[in-house]
Amino acid sequence: MRADAQRNYDLIVAAASEAIARDGAYASLEEIARSAGVGSATLHRRFPTRWSLLQAVFGGCVRNLAARAGDLLDAPDALDALTTWLHEVTAYATTTRGLADSLLNEPPEESDTCGATLVAAGEPLLGRAVDEGSVRPDITMADLMILANGISLAAQPMGAAKAEQLLTLALQGIGSAARRESVHEGS
């Protein structure tokens, strides 16, 4: 990328980050272009869709969350690793305005998205928990991401603590029957 094109890219992403933090995922693209000091055509040339701009804004944090999933693969308890990661994703999406909305509304025709990155990162954690017998085999990572992001979006006005409470409540239903029986037998 030429130096001026890189500068414009960086200016657009910085302006978009501010606008999305203030106004959410549907912030005005025209306002973003004005704030970046570029024309609308420049913004659309660099980011042909709103979602491509959102991917640039949220890409770094999503890569960090994906790396965290990899770190948790070595945790001794697969269900704890999976739920820890889902709580981290939910907390971040709750406190990062626009992220949950972006993840829930990504167009299916775009394949290299933040949502796809998170699903791929979480699948090994889910696979371990299923293999361990602590999560039902019919649960998909895509469904868990919809659940986590839906809770994030709903809880944004109430904060991360409420999102954590709601996610904990929802996740109690993903355990397998065998695990629930062993927990009940132990009490």
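The values are calculated or read from the model by the stated rules, or taken from the named source; none is laboratory data. Being a predicted model, the structure only gives us computed values, none of them experimental. All Cβ positions, even for glycine, are placed from backbone atoms using ideal geometry, and neighbour counts span all protein chains on display. Quick note on the areas: whole protein, heavy atoms, side chains included, nothing else; ligands and nucleic acids left out. Shrake-Rupley method; radii C 1.70, N 1.55, O 1.52, S 1.80 Å.
The gain in end-to-end length when the D71 to T140 segment is fully stretched comes to 22.8 nm, 0.36 nm per residue minus the alpha carbon separation. Accessible surface area normalised per residue over the chain is 51 Å², counting heavy atoms of protein chains with a 1.4 Å rolling probe. State the label only: which of [x] -0.31, -0.71, -0.79, -1.30; [y] -0.25, -0.68, -0.79, -1.54; [z] -0.34, -0.74, -0.82, -1.28 corresponds to log10 I(q)/I(0) by the Debye sum over Cα atoms at q = 0.08, 0.13, 0.14, 0.20 Å⁻¹ computed from the shown model? Correct label is [x]. Computed from Cα atoms, the angle from the helix 160-171 axis to the main principal axis of the chain rounds to 50 degrees. Across the chain, the relative contact order, built from alpha-carbon pairs under 8 Å that are at least six residues apart, equals 22 percent. Can you tell me the orientation of helix 3-23 relative to the chain, as the angle in degrees between its alpha-carbon axis and the longest Cα principal axis, to the nearest 10? The angle comes out at about 60 degrees. Basic side chains Lys and Arg get +1 at the Cβ, acidic Asp and Glu get -1 at the Cβ, and with that the dipole of the chain about its Cα centre reaches some 640 debye. The long axis of helix 78-95 is offset from the longest Cα principal axis of the chain by roughly 30 degrees. Relative to the Cα centre, the charge distribution of region 1-87, modelled as +1 at Lys and Arg Cβ and -1 at Asp and Glu Cβ, gives a dipole magnitude of about 520 debye. Rolling a 1.4 Å probe over the protein heavy atoms of region 1-84, with every protein chain left in place, gives an accessible area that is 51 percent carbon and sulfur. Region 138-155 and region 24-89 have Cα centres spaced 16 Å apart.
Note on E18 and S111: the model spin-label points, each 7 Å out from Cα along the C-beta direction, lie 3.7 nm apart. Here the calculated FRET efficiency for K162 and A41, from their Cβ-Cβ distance with R0 = 45 Å, stands at 0.60, rounded to the nearest 0.05.
In region 67-140, a dipole from Cβ-located charges (positive for Lys and Arg, negative for Asp and Glu) runs towards its positive end, and of G127, A78, V89 it is V89 whose Cα lies farthest in that direction.
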